[in-house]
Amino acid sequence: MLQFITAILTSLSAGAIYALMSTALVLVWRSTRVINFAQAGQAVLTTYIGYEVTVRTGSYWYGLIAAIITGALIGATIDRFFMRPIFKRIKSGPIVMIAPVVATLGLLGIIQAIIGFIWGLSYQTLAAPVSTDGYKISGTVIAFSPFNLMVLLSVTITMVLLTVLFQKTNIGLALRASAYSPEIAKLSGIKVDAVRTLGWAIAGAAGGLAGMLYIPNSYLYPNGMDVLLVFGFISAVIGGLDSLFGAVAGAMILGFAINFVATYISYKLVFPTAFVILILVLLVKPGGLFSSSKGRKD
Amino acid sequence: MSLVVENLTIDHGAIRAIDNVSFTVPTGQLAAVIGANGAGKTTLLRTLSGLKESKSGSATWNGKSILGARPEDLARSGIMHVSDGKSVIAELTVKENLALAGLWRKDKKDVAAVTSEVVDLFPVLGQRMSQASGSLSGGERQMLAIGRTLIARPKLLLLDEPSLGLAPLIIEQIFQTIKSLVAKMNLTVVLVEQNAMGALKIADEGIVLNLGSVVAVDSAQTLLNDPAVRAAYLGF
Amino acid sequence: MHKISANRKRLFTFILLGWVLLLIGDRIGELRQYQGAFVAMYALAIASIILLTGYSGQLSLGHSALMAVGAYAGALSINNLKLNPVIALIVAALVAGIFGLILGIAAARLSGPYLAGTTLALAISLPTIANQFTILGGEQGILFDIGAPPARFGEGFSQYKWFFWISSLAALIMIWMISNLLHSKFGRVFRALRDNQTAAQLAGINIGRQKAVAFGLSAGVAGLAGGLLVMLISGVSPSAFPLSLSFSLLTGAVVTGVYDLKGVMLGGLVLVAIPEIADSIGSRVGGSDGFTMALPGFLVSALLILAVLFLPNGPGKLLKKKM
Ligand SMILES: Nc1ncnc2c1ncn2[C@@H]1O[C@H](COP(=O)(O)OP(=O)(O)O)[C@@H](O)[C@H]1O
Ligand SMILES: [Mg+2]
């Protein structure tokens, strides 16, 4: 019973972090129609910045704020000064199909190399602001700590804020309209390019938050969030790639599947499970589990 | 004060869609651009609203060039385009679709005022405000698309085949509304149509396009009564 | 008639190339032989990317994983089945090919971003999976020893020369086969797929099957390259197949021109040269350890972006335009 409850709790906090990554991927996909593989690099770079601020100020919270803000700035910069010129330059020819994806990959490599230049390739540790020792329930220590609880709460708050932003504000309406139909949005007078950059900024901030919440339970190194990129992608695909709700729901499904398999069968099956889920969803419901009808063709 | 198009030429790659086209629409007038499928009507409108680049020639609105400007800037300066195929965002509610064209406007009081004018004009929209607009009928979507442009208080309205795929009764109703808007909202309208008869009946002027070239420009009344034009291009 | 002569011309070209390579192999030092073996291996791996992306329009970020599949299959067949090394390399190609075919059946239904993401997931997760299974040797991995060169080649025939021979002959024969394939009806079908799927479908081509076949073929070629790679480093372990290997291959392919097989040797050279260049920059600038270690990755990625931006159709097209 205790094992079962622990599995549920760890699934939730793992799923929460996947949700941040999948949300970031979905935000960019919706506005730009590209899977931003550089997201793993952006997130880990902002986490290094958060780490640096944490070390210098002695406060994780300043680090967290720094990571979120630089995450947003880096995301916006990449869209404005990297992706936009690329889309402008490459308009025709067979390379059009692969150029944007290849560009984000190149960017991922460059970011990770730059991290190596600045901080080296060795593993760093980022101390959590609250205890990472599991709670003790009737004498047994479970695999769920105050920090896991903090992760769960922070992500829940973030998701509520994002929902309010998207559903209740004018900016949110502009973001949604630009994602669904850039042409109609433009014809209505909305500066779609600027809105798109804003989407990249929000995605970047989400990545920074994800890093600051994930790394204390892991290690900080240039490839430290590659795996999270994969889990975020799988979550986003489960959710249909186009839907923010789907991204979160997909992350929870993946979190539960992975953690229950790890708890009850073997941690060795974590990756195979994730991969099998991805392939199954793509083959059976390529539009995601929550789409009623049309899967996207492109 | 007018829309002036001079020697405008537009290509789609190797295909010349608009070839050396010139015409003028004085403010306050409703001009119908008619022509068969593939005549270049959509291409012309998309260029006037900034969605497409032109090859050569000029187009000015009230003396200012509009070619090469961005669609969002043109929209903000009062040139609104309803693209073909009932341009509404199906995933958004009716209310949200209407709100789009007012998001950037400073005068929020006027946005509220014009929204209620639009709802008076199209009462069905008022009843469906919080429904997803994907659930509207074709005619209702066309009303929503036109209604949305009005929220921006446009000066020049570019309409691409509003009658497409609608039942005759609804077409009649939409055309009458468009005609009434000209005076009510102080508009200049370029109405692109395959439905030549319907469009010419409400238009002041008619411009007949064929394979990218202007083959006749005259008052709508004259075109309607000209047997040669009727036989060659209007098909009735 | 015309067709046959074109095929024969190609055969002669390749035989000539092989002969030249062997002559070269006799005249260069051991380091160059070793590097030459790497060039051939990379050229082969790049050819597998070009076969897939350039000719069937599918983008894979998972070729490092497919190479790993071939490498492990080859190693197991040498160590556990005691197979002859040459047979082991063929097994490497076959196993990776079958794995790729299965994957390709799924991949054929995926378009652009889904395929890219799925293959990326494979590239990131497969090494981790390999890590966890004892038969694959975990973190240490397992040996891949093809043994000394046969005695009949004589005393002076070094291990490096043996590597060079195997690697360049394998690459040459394989690339010759691919190039024949691409000049056959098969190749035309692939190109049709890449250029216009709808038209291909209307022409009665079974798109799904052809894409899966292309994926399988490409995976087989990658598997062979993977076998060669671990032959050269004498062992196979998860760390030999990082995601960055996939990036390198992609860079090699884009630098070569994704739509042209002719320049694969150039791509291979670039991939071998980059660490060397990085080394010499590193020692000249004298940066930190992190700088020296991250520099190759930086160069590969920068080259990838620059090539996509400025040579979208490969260097061949650029030269032709100039002339
Ligand atoms: N995106 C495009 N690419 C290539 N050709 C196009 C494109 N859009 C339209 N055309 C061609 O331009 C010509 C005019 O098309 P269009 O402006 O849509 O005409 P209309 O709206 O009068 O039916 C046609 O020959 C059409 O095939
Ligand atoms: Mg049209």
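The values are calculated or read from the model by the stated rules, or taken from the named source; none is laboratory data. It should be emphasised that the depicted structure is a prediction, and the values quoted were computed from it without experimental measurement. Ideal geometry is used to build each Cβ from the backbone, glycine not excepted, and the neighbour counts take in all protein chains shown.
Picking from residues in the stretch B:1-17 that are of a type in the set (Gly, Ala, Ser) and over 19 Å from B:Gly78 (Cβ atoms), the one that is nearest to ligand 2 (Cβ to nearest atom) is B:Ala17. Scanning the stretch A:159-177 for residues that are over 17 Å from the mean Cα position of the chain (by Cα) and more than 14 Å from chain B (Cβ to nearest Cβ), we see that the one that is surrounded by the most Cβ atoms within 10 Å (Cβ to Cβ) is A:Leu165. Does A:Leu107 qualify as being within 14 Å of another protein chain (Cβ to nearest Cβ) and either within 23 Å of the chain's Cα centre (by Cα) or over 28 Å from A:Val34 (Cβ atoms) (or both)? Spelling it out, A:Leu107 is indeed within 14 Å of another protein chain (Cβ to nearest Cβ) and either within 23 Å of the chain's Cα centre (by Cα) or over 28 Å from A:Val34 (Cβ atoms) (or both).
Condition first: among the aromatic types (Phe, Trp, Tyr) and surrounded by 14 or more Cβ atoms within 10 Å (Cβ to Cβ). Now tell me which residues in the stretch A:123-158 satisfy that.
Here is the first cut: in the stretch A:123-158, the ones among the aromatic types (Phe, Trp, Tyr) are A:123, A:135, A:144, A:147.
Once the filter is applied, which keeps residues that are among the aromatic types (Phe, Trp, Tyr) and surrounded by 14 or more Cβ atoms within 10 Å (Cβ to Cβ), the stretch A:123-158 yields A:Tyr135, A:Phe144, A:Phe147.
Restricting B:Ser116, B:Ser163, B:Ser137, B:Ser130 to residues that are among the hydroxyl-bearing types (Ser, Thr, Tyr) and within 16 Å of ligand 1 (Cβ to nearest atom) narrows the list to B:Ser163.
Residues checked against (1) part of a loop (DSSP other than H, G, I, E, B); (2) modelled with pLDDT under 95:
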| site | (1), (2) |
| --- | --- |
| A:Gly208 | no, no |
| A:Leu213 | no, no |
| A:Val248 | no, no |
| A:Leu254 | no, no |
| A:Thr263 | no, yes |
| A:Val270 | no, yes |
| A:Gly287 | yes, yes |
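Quick check, is B:Ile15 out of contact with any Lys or Arg (no Cβ under 7 Å at 6 or more places or on another chain), closer than 21 Å to B:Gly212 by Cβ, at pLDDT below 95 and surrounded by 16 or more Cβ atoms within 10 Å (Cβ to Cβ)? For B:Ile15, the condition - out of contact with any Lys or Arg (no Cβ under 7 Å at 6 or more places or on another chain), closer than 21 Å to B:Gly212 by Cβ, at pLDDT below 95 and surrounded by 16 or more Cβ atoms within 10 Å (Cβ to Cβ) - is not met. Is it true that some residue in the stretch B:120-142 is in a loop (DSSP other than H, G, I, E, B) and either among the small types (Gly, Ala, Ser) or within 11 Å of chain A (Cβ to nearest Cβ) (or both)? Scanning the stretch B:120-142, I find at least one residue that is in a loop (DSSP other than H, G, I, E, B) and either among the small types (Gly, Ala, Ser) or within 11 Å of chain A (Cβ to nearest Cβ) (or both), so the answer is yes. Could you tell me whether the stretch B:211-226 includes any residue that is within 30 Å of B:Met129 (Cα to Cα), crowded, with 18+ Cβ neighbours inside 10 Å and in contact with a helix residue (DSSP H, G or I) (Cβ under 8 Å, 6 or more places away or on another chain)? Checking the stretch B:211-226: not a single residue is within 30 Å of B:Met129 (Cα to Cα), crowded, with 18+ Cβ neighbours inside 10 Å and in contact with a helix residue (DSSP H, G or I) (Cβ under 8 Å, 6 or more places away or on another chain).
Taking A:Ser218 as meeting all but one of (1) free of Cβ contacts under 8 Å to residues at least 12 places away in the same chain; (2) buried (at least 24 other Cβ atoms within 10 Å of the Cβ), write down the number of the exception. Among (1) free of Cβ contacts under 8 Å to residues at least 12 places away in the same chain; (2) buried (at least 24 other Cβ atoms within 10 Å of the Cβ), the lone unmet condition for A:Ser218 is (2).
Given the structure, is A:Ile115 at pLDDT 95 or above and within 30 Å of C:Leu245 (Cβ to Cβ)? Against the criterion (at pLDDT 95 or above and within 30 Å of C:Leu245 (Cβ to Cβ)), A:Ile115 qualifies.
From the list C:Ala294, C:Ala253, C:Ala273, pick out the single residue that is in a helix (DSSP H, G or I) and touching a residue at least 24 places away in the same chain (Cβ under 8 Å).
On the way: C:Ala294 fails: touching a residue at least 24 places away in the same chain (Cβ under 8 Å); C:Ala273 fails: touching a residue at least 24 places away in the same chain (Cβ under 8 Å).
Being in a helix (DSSP H, G or I) and touching a residue at least 24 places away in the same chain (Cβ under 8 Å) holds for just one of C:Ala294, C:Ala253, C:Ala273, which is C:Ala253.
Being within 14 Å of ligand 2 (Cβ to nearest atom), without any contact (Cβ under 8 Å) to a residue 60 or more places away in the chain, within 12 Å of chain A (Cβ to nearest Cβ) and assigned to a loop (DSSP other than H, G, I, E, B) is a condition met by at least one residue of the stretch B:51-74. For the stretch C:213-226, check the following and say yes or no: at least one residue is part of a helix (DSSP H, G or I), modelled with pLDDT of 85 or more and surrounded by fewer than 24 Cβ atoms within 10 Å (Cβ to Cβ). Taking every residue of the stretch C:213-226 in turn, at least one turns out to be part of a helix (DSSP H, G or I), modelled with pLDDT of 85 or more and surrounded by fewer than 24 Cβ atoms within 10 Å (Cβ to Cβ). A:Asp79 fulfils the conditions (1) in contact with a Gly (Cβ under 6 Å, 6 or more places away or on another chain); (2) in contact (Cβ under 8 Å) with a residue 24 or more places away in the chain except for a single criterion, (1). Scoring C:Ser239 on the criteria (1) surrounded by 21 or more Cβ atoms within 10 Å (Cβ to Cβ); (2) within 14 Å of another protein chain (Cβ to nearest Cβ); (3) more than 22 Å from C:Leu115 (Cβ to Cβ); (4) of a type in the set (Ser, Thr, Tyr) leaves a single failure, condition (1).
Look through C:Asp260, C:Asp289, C:Asp279 and report the one residue that is modelled with pLDDT of 85 or more and either more than 9 Å from chain A (Cβ to nearest Cβ) or exposed (fewer than 15 other Cβ atoms within 10 Å of the Cβ) (or both).
Numbers: C:Asp260 fails: modelled with pLDDT of 85 or more; C:Asp289 fails: modelled with pLDDT of 85 or more.
Within the list C:Asp260, C:Asp289, C:Asp279, the selection yields C:Asp279.
Every residue, every condition in (1) away from every other protein chain (no Cβ under 14 Å); (2) in contact (Cβ under 8 Å) with a residue 60 or more places away in the chain; (3) assigned to a helix (DSSP H, G or I), yes or no:
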residue	(1), (2), (3)
C:Phe12	yes, no, yes
C:Trp19	yes, no, yes
C:Leu23	yes, no, yes
C:Phe38	yes, yes, yes
C:Ala45	yes, yes, yes
C:Ser60	no, yes, no
C:Ala73	yes, yes, yes
C:Leu83	yes, no, no
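Against the conditions (1) crowded, with 24+ Cβ neighbours inside 10 Å; (2) within 14 Å of chain B (Cβ to nearest Cβ), A:Gly208 satisfies every one except (2).
With the condition kept exactly as written, say whether any residue in the stretch B:157-173 is at positive phi and buried (at least 18 other Cβ atoms within 10 Å of the Cβ). Yes, there is a match, as at least one residue in the stretch B:157-173 is at positive phi and buried (at least 18 other Cβ atoms within 10 Å of the Cβ). For B:Ile202, the requirement of being away from ligand 1 (no atom under 16 Å from the Cβ), touching a Pro at 6+ places or on another chain (Cβ under 6 Å) and modelled with pLDDT of 90 or more is not met.
With surrounded by 24 or more Cβ atoms within 10 Å (Cβ to Cβ), more than 14 Å from chain A (Cβ to nearest Cβ) and away from ligand 1 (no atom under 16 Å from the Cβ) as the only criterion, which of B:Thr177, B:Thr149, B:Thr188 stands out?
Numbers: B:Thr177 fails: surrounded by 24 or more Cβ atoms within 10 Å (Cβ to Cβ); B:Thr149 fails: more than 14 Å from chain A (Cβ to nearest Cβ).
Every option except B:Thr188 fails the conditions.
The single condition among (1) among the hydroxyl-bearing types (Ser, Thr, Tyr); (2) more than 14 Å from chain B (Cβ to nearest Cβ); (3) surrounded by fewer than 21 Cβ atoms within 10 Å (Cβ to Cβ) that A:Tyr180 does not satisfy is (2). Residues being touching a helix residue (DSSP H, G or I) at 6+ places or on another chain (Cβ under 7 Å), within 14 Å of another protein chain (Cβ to nearest Cβ), away from ligand 2 (no atom under 16 Å from the Cβ) and of a type in the set (Lys, Arg) are entirely absent from the stretch B:79-86.
Of all residues in the stretch B:18-37, those satisfying the criterion of being assigned to a strand (DSSP E or B), buried (at least 16 other Cβ atoms within 10 Å of the Cβ) and away from ligand 2 (no atom under 16 Å from the Cβ) are B:Asp19, B:Phe23, B:Val25, B:Leu30, B:Ala31. Please indicate, with yes or no, whether at least one residue in the stretch A:13-24 is at pLDDT 95 or above, in a loop (DSSP other than H, G, I, E, B) and either more than 27 Å from A:Phe144 (Cα to Cα) or within 17 Å of the chain's Cα centre (by Cα) (or both). Checked against the condition, which is being at pLDDT 95 or above, in a loop (DSSP other than H, G, I, E, B) and either more than 27 Å from A:Phe144 (Cα to Cα) or within 17 Å of the chain's Cα centre (by Cα) (or both), the stretch A:13-24 yields no hits at all. Scanning the stretch C:163-211 for residues that are of a type in the set (Gly, Ala, Ser) and surrounded by fewer than 23 Cβ atoms within 10 Å (Cβ to Cβ) turns up C:Ser179, C:Ser184, C:Gly187, C:Ala192, C:Ala199, C:Ala200, C:Ala203, C:Gly204, C:Gly208.
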